[in-house]
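Here's the structure, in structure tokens; my notes come after.
The values are calculated or read from the model by the stated rules, or taken from the named source; none is laboratory data. Because the structure is predicted, anything quoted here is derived from the model rather than measured. A quick note on method: Cβ atoms are made from the backbone with ideal geometry, for glycine too, and the neighbour counts reach across all protein chains shown.
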Amino acid sequence: MQELPLVERPTAATERADAASNRRRILTVAARLFQERGADHVSMQDVAREACVGMGTMYRRFGDRAGLTEELLSEETRGFQDEMLRGAPPLGPGAPPRERLHAWGRGQLQLLEGHAVWLAAAGKGPGMGGPDGFYRMHLGILLREAAPQIDVEYAVLSLMAALDARLYLHLREDLGWSLERVQDGWCAQVDGWLGVDR
């Protein structure tokens, strides 16, 4: 089994005290503003003004609103990655690939439940950076183990596309589907790729 590393920001260990203080203040303000106004009504300028930092600091640290959103979610993302690598089955090692794929998708959709609005407002979708490369590798390993005969690359991309924040919001808000229905749909897609008769 291939060992997958946790995704860490390279500057985390060497961050200066003032930079770390600015980062914490910016993230605290951003989380509050996103909660109060909705992420689609908060700009980088709004966060900078409330956090009393310059726009140069914002862009150097986060790049854009997608980067800011990604940083806000990084703690939960790192926790999820740790569970994948070292946690209890079925998300962690020790369960059959199909069970791990189901648990992974259900977990990702649970994360989207709380943060899809932020991700959609930031224009963040699958394949746009962050831990997505790590996740694609993880899915590929499990799919190859469970069904080596399929087109694994295409299967991974199609499964990742199902996690697009805008699609998730459409299913939950416009169509009124439950989280459980969306999670069951993910599992059905996995089973389709694996050739499992549900």
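Overview of values
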quantity	calculated
Inter-residue pairs, beta-carbon under 9 Å, first more than 30 Å from PRO93 (Cβ to Cβ) and of a type in the set (A, V, I, L, M, F, W, C) and in region 59-83, second exposed (fewer than 14 other Cβ atoms within 10 Å of the Cβ) and modelled with pLDDT under 80, 6+ apart	ALA66/GLY123; ALA66/MET128; ALA66/GLY129
Residue match in region 43-55 (condition: within 19 Å of ALA165 (Cβ to Cβ) and modelled with pLDDT of 85 or more)	yes
Matching residues, region 170-188, being in contact (Cβ under 8 Å) with a residue 24 or more places away in the chain and surrounded by fewer than 16 Cβ atoms within 10 Å (Cβ to Cβ)	LEU179
Unmet requirement for ASP174, which otherwise passes all of (1) within 22 Å of MET84 (Cβ to Cβ); (2) at pLDDT 95 or above	(1)
Among the residues listed as ARG32, ARG98, the single one being in the same structural domain as ALA155 (by TED's automatic domain parsing) and farther than 18 Å from GLY133 by Cα	ARG98
